[in-house]
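Student: The structure that follows is given in the form of structure tokens.
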Amino acid sequence: MRTRLQTRYAAARLALVLLLTATGAASGAAWADEPYRLGPQDRLEVKVSDLRAGTGEAYQWQAFDGEFTVTPSGQVALPLVGEIEASGRTTTEVAAELTERLKAKAGLATKPDASVQVVKFRPIYVLGSVEKPGEYDYRPQLSVLQAVSIAGGMQRVPTDLLLRFTRDAVQARGDIEELSATRLALIARQARLDAEIREIPIAFPVELQTRGKDPEIARILREERLTLDTRRAALESQILNLKQYKEFLTEQIASLTAKDVKTADQLELMKNELSRIAGLVAKGLSAMPRQIEASQTIATLESNRLDIQIAVIRARQDISKADRDILDLRDQRRNVALQESAETRIKLNETEAKIGASNNLLRQAEITSPAAVLANSEAFSKPDYVILRRRGGKAESLPADEDDLLQPGDVVRVQPRMTSPNPAVADRGARASADSSGNY
């Protein structure tokens, strides 16, 4: 008898607890004095029970054993009643609708008791300047600072950051040194091409002459002088060959001219002889064959003289062609030098631009970036926090403090309060660094 009374007492107490839960005493935590609103990814535990009139004992509905997740569409699928809208509602509201549907579905005289509680909240997200940004489980009374701690704390300045700046500075110095050597070589080449174009002795700029004892500079100057001498020697050799050919042709013309004079004299004599023979033949004092032979000799001499004159003309044409070839050789060599000079100027401008960029990188690596890191070292210890929270289908951006409490689904954005180093100090340091690096 006592056991039955104890059982009835326990059942009545359970029913009372369930009734209080269904009317809004249970389910979820409250934030900012307002009840928690469910959302996608929340995992719910649902319990349904009722008191049996005949026995007075509480009966637990086994169909609802387990956990149920709010879907991305904002609904939760429950046995017997199907999908219930959960997003934006409290657990009390969901429990109330569940009891209404069960009463109608099962044809009950009274509504059963239902309890809905959150067993796992939807995750929060931490991003920005933290060590491990990403998705994390939510727990009640979770503050912004605690969420940052879960994400590994504030992002630390890498220990090798200054070492990386040092490597960048070394690389920038190497690039500057290589580009500077290229620039000096291009300046020497430009001086050599200018001398070649203007056909004057080579004159290197003072920048090269003052550093003539440097082995590398001395090598560059020596190679450019040798190149100029070689090209001039090649051109002069070609021109000399043409001049010698002209001299040969001139001598040939003189010889042909003398030969033509002799041939003219012989022709004049033969014409006089032919005239005398023709007079004798007319008087019957000489035979006709002798006149014919004299005529043939005259014709041969005239033909020879014509060949001589043609040979002279051709020789003079060859002399004119040799003169043109000499001019063409000079023009061709000058045009090649002009083209190379233009290409050299372009390369020189590009090289000087690269030197300027490398100097900027060097200044960045040695002065600006380290100064920025040091100036902003406190930015990581005093960051700004922003909570991105969705309400009523709209996203809100809320400035936050370390102690502010989060809600499930919140996105915490952490960003350091960056400042800039004094540009005047950085610029003075950069100039000092450039001076110490060799005045590049």
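Student: Suppose R0 equals 35 Å. What FRET efficiency, 1/(1 + (r/R0)^6) with r the Cβ-Cβ distance, do T166 and K382 give to the nearest 0.05?
Tutor: Step by step, r from the Cβ atoms, then E = 0.80.
Student: Taking all protein chains as present, what is the carbon and sulfur share of the accessible area of the stretch 37-120, in % to the nearest whole number, probe 1.4 Å?
Tutor: About 49 percent, which is the carbon plus sulfur part of the accessible surface.
Student: To continue, here is another question. Work out, step by step, the length gained on full extension between L108 and E199: first 0.36 nm times the residue separation, then minus their alpha carbon distance; give nm to one decimal.
Tutor: Taking 0.36 nm per residue and subtracting the Cα distance, the gain is 21.1 nm.
Student: Okay, moving on. Sequence gap at least 6, Cα distance under 8 Å: using those rules, report the relative contact order of the stretch 111-236 to the nearest whole percent.
Tutor: Value for the stretch 111-236: 14 percent.
Student: Right, next: Rg/Rh for the stretch 37-120 to two decimals, with Rh computed the Kirkwood way over all alpha-carbon pairs.
Tutor: 0.99
Student: Based on the Cβ-Cβ distance of K47 and E131, what FRET efficiency does E = 1/(1 + (r/R0)^6) give at R0 = 60 Å, to the nearest 0.05?
Tutor: Efficiency at R0 = 60 Å is approximately 0.90.
Student: Separate question: I need two numbers for the stretch 229-295: Rg to one decimal and Dmax as a whole number, Cα atoms only, in Å.
Tutor: Computed over the Cα atoms of the stretch 229-295, radius of gyration and Dmax are 24.7, 80 Å.
Student: Moving to a separate point now. Run the simple label-point estimate for R417 and A278 please: 7 Å along Cα→C-beta, distance reported in nm.
Tutor: In this crude label model, R417 to A278 measures out at 12.9 nm.
Student: While we're looking at this one, here's another question. Would you work out the charge dipole size for the stretch 37-120 about its Cα centre, treating the Cβ of every Lys and Arg as +1 and the Cβ of every Asp and Glu as -1, and quote it to the nearest 20 debye?
Tutor: The calculation lands at about 80 debye.
Student: Continuing with the same structure: Out of residues 5 or more away from D384 or on other chains, whose amide H comes under 5 Å of its own, with H placed 1.01 Å from N in the peptide plane?
Tutor: For D384, the qualifying residues are Q415, R417.
Student: Once the whole set of protein chains is in place, how much accessible area is left on R164, using a 1.4 Å probe, in Å² to the nearest 10?
Tutor: 110
Student: Hey, another quick one. Which length gain, in nm to one decimal place, applies between A264 and Q339 when the Cα-Cα distance is subtracted from 0.36 nm times their residue separation?
Tutor: 21.5 nm
Student: Once the whole set of protein chains is in place, how much accessible area is left on R324, using a 1.4 Å probe, in Å² to the nearest 10?
Tutor: 130
Student: A follow-up question, please. How long is the gain from T227 to V119 if the chain were fully straight, where each residue apart is worth 0.36 nm and the alpha carbon distance is subtracted?
Tutor: That works out to 30.2 nm of additional length.
Student: Report D for the stretch 236-374 in µm² per second (integer): Stokes-Einstein, Kirkwood Rh on Cα pairs, 25 °C, 0.890 mPa s.
Tutor: 111
Student: Separate question: If R0 is 45 Å, what FRET efficiency do you get for D318 and D214 from their C-beta distance, rounded to 0.05?
Tutor: For R0 = 45 Å, the calculated efficiency reads 0.30.
Student: Using each residue's phi in the stretch 255-261, evaluate 6.51 cos²θ - 1.76 cosθ + 1.60 at θ = phi - 60° and report the 3J(HN,Hα) Karplus result to the nearest Hz, with x for Gly and Pro.
Tutor: For the stretch 255-261, the Karplus curve yields 5, 5, 5, 5, 5, 5, 5 Hz.
Student: Also, I was wondering about something else. At 1.4 Å probe size, what's the solvent-accessible area of I197? Round to the nearest 10 Å².
Tutor: 30
Student: Now a separate question. If the label point is 7 Å along Cα→Cβ of Q252, which residues in the stretch 301-325 have backbone nitrogen under 11 Å from it?
Tutor: 311-319
The values are calculated or read from the model by the stated rules, or taken from the named source; none is laboratory data. It should be emphasised that the depicted structure is a prediction, and the values quoted were computed from it without experimental measurement. A quick note on method: Cβ atoms are made from the backbone with ideal geometry, for glycine too, and the neighbour counts reach across all protein chains shown. All accessible areas refer to the heavy atoms of the entire protein, side chains included, with ligands and DNA or RNA removed. Shrake-Rupley method; radii C 1.70, N 1.55, O 1.52, S 1.80 Å.
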